[in-house]
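This report concerns only the one structure given below.
The values are calculated or read from the model by the stated rules, or taken from the named source; none is laboratory data. Keep in mind that what you see is a predicted model, and the values were worked out from it rather than measured. Here the Cβ is made from the backbone with ideal geometry for all residues, glycine too, and neighbour counts use every protein chain on show. Calculation scope for accessible area: heavy atoms of the full protein, side chains included, ligands and nucleic acids excluded. Shrake-Rupley method; radii C 1.70, N 1.55, O 1.52, S 1.80 Å.
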Amino acid sequence: MSEPPSFNLKPCPSTFHLSIPAQTYLSQDQSEHACKFLATGAIVFSASRILLLQRAPGDSMANRWETPGGACDNKDQTILHAVARELWEETMLVARSVGPLVGEGYTFTTRSGKMVRKLNFIVEVERRDDEGDGGSNFEVRLRPEEHQGFVWATDEEVRACKVGDVEIRFTTPEQEAVVLDAFAVLKASTAP
């Protein structure tokens, strides 16, 4: 895989406080249940449709659906850069801005027992110049070792767990809740 581009992210006032390295964010929680790992989710909309990815058959949670995302790495300049990098690695989409945050985030335990905090963000991405793709203006290119397919789903389709003839079964209940919350954030941000 080629190196990610250098992300020139537009500032988003609601996520400015997360323009810090993941380890700085994690060190702020001194509780006994503090997480040592941080993951991010990138929520991309095209009009009123959200991008969902289907996990590869040979990967954990095979064939289930999720938004792009993954672990923050030590090489990531900030949490927001981690979101942009993960989005690019999984879809080849280039983030223009990261934010707002969707919800407060949630904590989960991996199969190996690691406690991970996950933060999810609405991400604006660069559009292509041509209009020949049914209106999405995005060229999603997946890494087959991670994801086997993608859909652009409406709020109603997510609630019905079906996009056309494709059944949507999310990786976790938390992932499904974040997707539904993202539609609410989108609607609130576009309300008159």
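Consider segment 31-59 and keep the residues that are out of contact with any Ser or Thr (no Cβ under 9 Å at 6 or more places or on another chain) and closer than 18 Å to THR109 by Cα. The one that is surrounded by the most Cβ atoms within 10 Å (Cβ to Cβ) is THR40.
Considering segment 94-113, the residues that are over 16 Å from GLU174 (Cβ atoms) and touching a Lys or Arg at 6+ places or on another chain (Cβ under 8 Å) include one that is least open to solvent (accessible area, probe 1.4 Å), namely SER97. Across segment 172-189, the number of residues qualifying as under 23 Å from ALA56 (Cβ atoms), surrounded by 15 or more Cβ atoms within 10 Å (Cβ to Cβ) and in contact (Cβ under 8 Å) with a residue 40 or more places away in the chain comes to 4. Only strands (runs of 3 or more DSSP E) whose full extent lies in segment 16-103 are considered here, and the ones with at least 2 residues that are touching a Cys at 6+ places or on another chain (Cβ under 8 Å) are 37-43. For segment 1-54, filtering for residues that are of a type in the set (Ser, Thr, Tyr) and touching a Pro at 6+ places or on another chain (Cβ under 7 Å) leaves 2. Scanning segment 108-122 for residues that are closer than 21 Å to ASP59 by Cα and not basic (Lys, Arg) gives PHE108, THR109, THR110, SER112, GLY113, MET115, VAL116.
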